[in-house]
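*Asks:* Below are the structure tokens for one structure; questions will follow.
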């Protein structure tokens, strides 16, 4: 699989995301970064096999026609969706979760777990898919991933971490966690979690 060609010049990144930018009008479904923020990568090639898109509070949109990996969904539905992309490997045991599985896709590892137990005893247990994580195959990546992983129009694995954190504040997206990167490097992983109920105390 070949990564999209890079443009040596600056380019403003945008992707289509009706879930995040719905509404009437010609601009609906399109997200534009402020002109002051210029991330150095071409927009996603529409002939690209696909991209992952994080939808906080909802789930992870999978590449191609694999559909949506929905937070709170059952184990069978989650595995079925991921199995359309790659072989699913069931984890034998994961602390705090009744089920978990992983899959490899284009240099990324997808790890999902569900029916988690609240070890803090402050909030109710989370039923269904509780969290999904996308990890780079390299521990300290220094180049862009072959497949875009998009949050709010920005490819999290397509730019150096410093640029990503300038464009996206993860604190503004409930359930999103970005694993710290080495100086000058790219983000090694991103996690999307099912939010706790508003009425429950958070750890």
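The values are calculated or read from the model by the stated rules, or taken from the named source; none is laboratory data. All of these numbers come straight from a predicted model, not from anything done at the bench. Note that each Cβ is placed from the backbone with ideal geometry, even for glycine, and that neighbours are counted across all protein chains shown.
*Asks:* Residue 115: outside any loop (DSSP other than H, G, I, E, B) and surrounded by fewer than 20 Cβ atoms within 10 Å (Cβ to Cβ), yes or no?
*Replies:* Yes.
*Asks:* Looking at the structure I just gave you, is residue 26 modelled with pLDDT of 50 or more, in a loop (DSSP other than H, G, I, E, B) and more than 20 Å from the chain's Cα centre (by Cα)?
*Replies:* The answer is no for residue 26.
*Asks:* Moving to a separate point now. Residue 140 versus (1) within 19 Å of residue 106 (Cα to Cα); (2) surrounded by 17 or more Cβ atoms within 10 Å (Cβ to Cβ): which is the lone unmet condition?
*Replies:* The number of the failed condition is (2).
*Asks:* Ok, one more. Considering the stretch 68-86 alone, what residues qualify as being farther than 21 Å from residue 173 by Cβ, in a loop (DSSP other than H, G, I, E, B) and touching a strand residue (DSSP E or B) at 6+ places or on another chain (Cβ under 8 Å)?
*Replies:* If the condition is that a residue be farther than 21 Å from residue 173 by Cβ, in a loop (DSSP other than H, G, I, E, B) and touching a strand residue (DSSP E or B) at 6+ places or on another chain (Cβ under 8 Å), then 74, 85, 86 are the ones that fit.
*Asks:* Right, here's the next one. Looking at (1) at pLDDT below 95; (2) assigned to a strand (DSSP E or B), which one does residue 135 not meet, given that it meets all the others?
*Replies:* That leaves (1) as the condition not met.
*Asks:* Could I ask something else about it? Working only within the stretch 87-102, note down all residues that are exposed (fewer than 13 other Cβ atoms within 10 Å of the Cβ) and assigned to a loop (DSSP other than H, G, I, E, B).
*Replies:* 87, 92, 93, 95, listed by residue number.
*Asks:* Report yes if residue 184 is over 24 Å from residue 63 (Cα atoms) and either in a loop (DSSP other than H, G, I, E, B) or modelled with pLDDT under 95 (or both), otherwise no.
*Replies:* Judged against the criteria, residue 184 is a match.
*Asks:* Of the residues 147, 164, only one is buried (at least 21 other Cβ atoms within 10 Å of the Cβ) and not in a loop (DSSP other than H, G, I, E, B); which?
*Replies:* Answer to the selection: 164.
*Asks:* For the stretch 187-202: of the residues being in contact with a strand residue (DSSP E or B) (Cβ under 7 Å, 6 or more places away or on another chain) and either within 13 Å of residue 135 (Cβ to Cβ) or in a loop (DSSP other than H, G, I, E, B) (or both), which is modelled with the lowest pLDDT?
*Replies:* Checked the stretch 187-202; the qualifying residue modelled with the lowest pLDDT is 194.
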